[in-house]
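**Student:** Here it is, the structure, as structure tokens.
The values are calculated or read from the model by the stated rules, or taken from the named source; none is laboratory data. Keep in mind that this is a model prediction, so the values were computed, not measured. Cβ atoms come from the backbone with ideal geometry, glycine included; neighbour counts cover every protein chain shown.
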């Protein structure tokens with residue numbers, strides 16, 4: 001897979017947490033193609049969260065390269081990595097990380113404040129946010145509600161809309177369905193995939209739940225990504 005077809009590439013990556021000699025990740029090669037959906041499976045403590053941190057640039061590898069959208073993120077300063085992440089990566093956190101007292105609309109629009117290129121892809125931010133809400137199955141009257149008053153399933157959809165707005169090339173989702181039953185999981189994933197396809201985004205989801213396999217273009221085991229993954233996360 002070359003740089004023209006991959007949105008993410010890790011090559012020869014090694015990382016050890018400072019002061020924690022018992023934990024290390026060695027990743028010879030891991031790549032994601034543009035517009036594909038990939039499920040990364042691994043048990044708790046397998047290094048999934050550390051891998052996501054490397055991809056998002058919140059930590060940098062001891063050696064090797066992590067390339068996102070054609071840019072080696074280790075070549076950027078910490079501040080530039082933050083701006084690059086805001087522009088190019090939409091994040092769906094396990095706990096959603098919404099601002100509970102802000103409206104659903106304001107939560108969705110938040111990334112555009114820090115990402116002018118992403119903002120430039122959206123002709124009408126408020127209209128786009130509303131459309132995403134409706135397409136993701138949120139009722140009209142929820143859009144102006146405080147995010148903290150919504151159900152878990154509704155908050156999850158707000159988090160997805162926030163990640164999708166402005167069509168970032170890579171969507172990273174960290175166990176976003178762990179609090180949902182199987183039927184709600186399937187509905188959410190169908191909606192998420194439809195929106196990711198519409199924006200041409202690559203979707204990387206990490207989970208420990210192998211029941212999600214059928215929904216993805218490709219399933220990768222964390223143990224196949226790493227040469228060694230010994231963790232006490």
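**Student:** Considering only region 208-215, I want to know if a residue exists there that is in contact with a helix residue (DSSP H, G or I) (Cβ under 8 Å, 6 or more places away or on another chain), buried (at least 22 other Cβ atoms within 10 Å of the Cβ) and either more than 20 Å from residue 68 (Cβ to Cβ) or at pLDDT 90 or above (or both).
**Tutor:** Checked region 208-215: no residue is in contact with a helix residue (DSSP H, G or I) (Cβ under 8 Å, 6 or more places away or on another chain), buried (at least 22 other Cβ atoms within 10 Å of the Cβ) and either more than 20 Å from residue 68 (Cβ to Cβ) or at pLDDT 90 or above (or both).
**Student:** Say whether the condition of being part of a helix (DSSP H, G or I), over 24 Å from residue 57 (Cα atoms) and within 16 Å of the chain's Cα centre (by Cα) is met by at least one residue in region 99-120.
**Tutor:** Narrowing region 99-120 to residues part of a helix (DSSP H, G or I): 104-113, 116-120.
Next, only the ones that are over 24 Å from residue 57 (Cα atoms) stay: 104-106.
Of the ones still in play, those that are also within 16 Å of the chain's Cα centre (by Cα) are none.
Looking through region 99-120, none of the residues is part of a helix (DSSP H, G or I), over 24 Å from residue 57 (Cα atoms) and within 16 Å of the chain's Cα centre (by Cα).
**Student:** Continuing with the same structure: Counting only residues that are out of contact with any helix residue (DSSP H, G or I) (no Cβ under 7 Å at 6 or more places or on another chain) and part of a helix (DSSP H, G or I), which one in region 158-174 is farthest from residue 94 (Cα to Cα)?
**Tutor:** The first filter runs over region 158-174 and keeps only residues out of contact with any helix residue (DSSP H, G or I) (no Cβ under 7 Å at 6 or more places or on another chain), leaving 159, 163, 173.
Retained after the next criterion (residues that are part of a helix (DSSP H, G or I)): 159, 163.
Numbers: 159: 10, 163: 13 Å.
Once the filter is applied, the top-ranked residue is 163.
**Student:** Next question. With respect to residue 105, is the statement that it is at pLDDT 95 or above and more than 30 Å from residue 41 (Cβ to Cβ) true? Give the derivation first.
**Tutor:** On the way: at pLDDT 95 or above: yes; more than 30 Å from residue 41 (Cβ to Cβ): yes.
Yes: the conditions hold for residue 105.
**Student:** What is the residue count in region 142-152 for residues that are exposed (fewer than 14 other Cβ atoms within 10 Å of the Cβ) and not in a loop (DSSP other than H, G, I, E, B)? Don't jump to the end; show me each part of the working.
**Tutor:** Taking region 142-152 as the starting set, the residues that turn out to be exposed (fewer than 14 other Cβ atoms within 10 Å of the Cβ) are 144, 148-149, 151-152.
So of that shortlist, the ones also not in a loop (DSSP other than H, G, I, E, B) come out as 148-149, 152.
Residues flagged as exposed (fewer than 14 other Cβ atoms within 10 Å of the Cβ) and not in a loop (DSSP other than H, G, I, E, B) within region 142-152 amount to 3.
**Student:** Of everything in region 45-68, what is under 12 Å from the mean Cα position of the chain (by Cα) and free of Cβ contacts under 8 Å to residues at least 40 places away in the same chain? Give them in sequence order.
**Tutor:** Passing the criteria: only 53.
**Student:** Still on this structure: With closer than 19 Å to residue 216 by Cβ and touching a residue at least 24 places away in the same chain (Cβ under 8 Å) as the only criterion, which of 164, 117 stands out?
**Tutor:** Numbers: 117 fails: closer than 19 Å to residue 216 by Cβ.
Step by step, each of 164, 117 is checked, and only 164 is closer than 19 Å to residue 216 by Cβ and touching a residue at least 24 places away in the same chain (Cβ under 8 Å).
**Student:** Which residues, taken from region 61-85, are touching a strand residue (DSSP E or B) at 6+ places or on another chain (Cβ under 8 Å) and surrounded by fewer than 21 Cβ atoms within 10 Å (Cβ to Cβ)?
**Tutor:** 61, 62, 63, 64, 65, 67, 69, 72, 74, 84
**Student:** Considering only region 126-141, how many residues are without any contact (Cβ under 8 Å) to a residue 60 or more places away in the chain and either outside any helix (DSSP H, G or I) or surrounded by 19 or more Cβ atoms within 10 Å (Cβ to Cβ) (or both)? Lay out the reasoning, then the answer.
**Tutor:** Filtering region 126-141 for residues without any contact (Cβ under 8 Å) to a residue 60 or more places away in the chain gives 126-131, 133-134, 136-141.
Next, from what is left, pick out any that are either outside any helix (DSSP H, G or I) or surrounded by 19 or more Cβ atoms within 10 Å (Cβ to Cβ) (or both): 128-130, 133, 136-139.
Summing the residues that are without any contact (Cβ under 8 Å) to a residue 60 or more places away in the chain and either outside any helix (DSSP H, G or I) or surrounded by 19 or more Cβ atoms within 10 Å (Cβ to Cβ) (or both) in region 126-141 gives 8.
**Student:** Now for a different question. Just one of (1) under 17 Å from residue 165 (Cβ atoms); (2) in a helix (DSSP H, G or I) trips up residue 50, so point out which.
**Tutor:** Tallying (1) under 17 Å from residue 165 (Cβ atoms); (2) in a helix (DSSP H, G or I), residue 50 fails exactly one: (1).
**Student:** Here is a further query. Given the options 19, 42, name the one that is at pLDDT below 95, over 15 Å from residue 89 (Cβ atoms) and within 21 Å of the chain's Cα centre (by Cα).
**Tutor:** Values: 19 fails: within 21 Å of the chain's Cα centre (by Cα).
Answer to the selection: 42.
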